[in-house]
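S.K.: Pasting a structure below so you can have a look.
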Amino acid sequence: MKKLLILILFFSLLIISGCTKKEAKTTVTPLQESKNKISDEAPAKSANQMRSVIKEDFTLEAPEAWLESESLPGVSLMMINSQERPTNSAAQKINFRSYFSVSYDQLGERNLEEQLEVLKKQIKQVAPDISFTTPSSILINGQETRVLEGDLRQQGVDFKVLIFMIAGRDKDIWIMSFNTLQEDWLDNKDLLYQIGQSFKLK
């Protein structure tokens, strides 16, 4: 459960600290082909034009505007919407950008439903005011998945949280955690689901 805990602490840290308070100090860096093996495609025609991100254990599709950021141990990938410019003054103050992270863990003796309940409890330990919707079940590229949405207010900002808990192989799981502004949820929802549903194990 250490990696799950790291994910939750990282998730909380980003919400509480707002990533950084000055643009010059953000950890967003351009994707390096040698590290991430981004597919060779023509320059983006729009911020949401998708391209492949290939990691050691999985691949997914992400918009051109979403760039990889440094992440903590236990987090396999973190990407931030580099072109997003919130109009909300409280979100501007903490320099918030929509982001998602991918983390790996093992189910052990639990099933997906039980593990999701553990995850919800861990999140509530660091963000007690978060409220969750009823989880739904889908298949992502043949992998059993639980989807959970949540609402959270921190530092005067209303956030929307989206979590995909994806069953892997041999009792392991992959967790994709998205965070965006509540006011932008309707505009971002389809894109975030598209990213999540593009996840594919190698």
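S.K.: Being more than 17 Å from LEU139 (Cα to Cα) and buried (at least 21 other Cβ atoms within 10 Å of the Cβ) is the filter here, so list the residues in the stretch 178-202 that pass it.
M.R.: PHE178, ASN179, THR180, LEU181
S.K.: Counting just the residues of the stretch 104-131 that are over 25 Å from VAL157 (Cα atoms) and in contact with a Leu (Cβ under 7 Å, 6 or more places away or on another chain), which one comes out modelled with the lowest pLDDT?
M.R.: Here the answer is ASP105.
S.K.: Checking ILE138 against (1) part of a strand (DSSP E or B); (2) surrounded by 16 or more Cβ atoms within 10 Å (Cβ to Cβ), only one condition comes out false. Which one?
M.R.: (2)
The values are calculated or read from the model by the stated rules, or taken from the named source; none is laboratory data. Here the structure is a predicted model, which is why all the values come from computation and not from measurement. Using ideal geometry, Cβ is built from the backbone for each residue, glycine included, and neighbour counts are taken over all protein chains shown.
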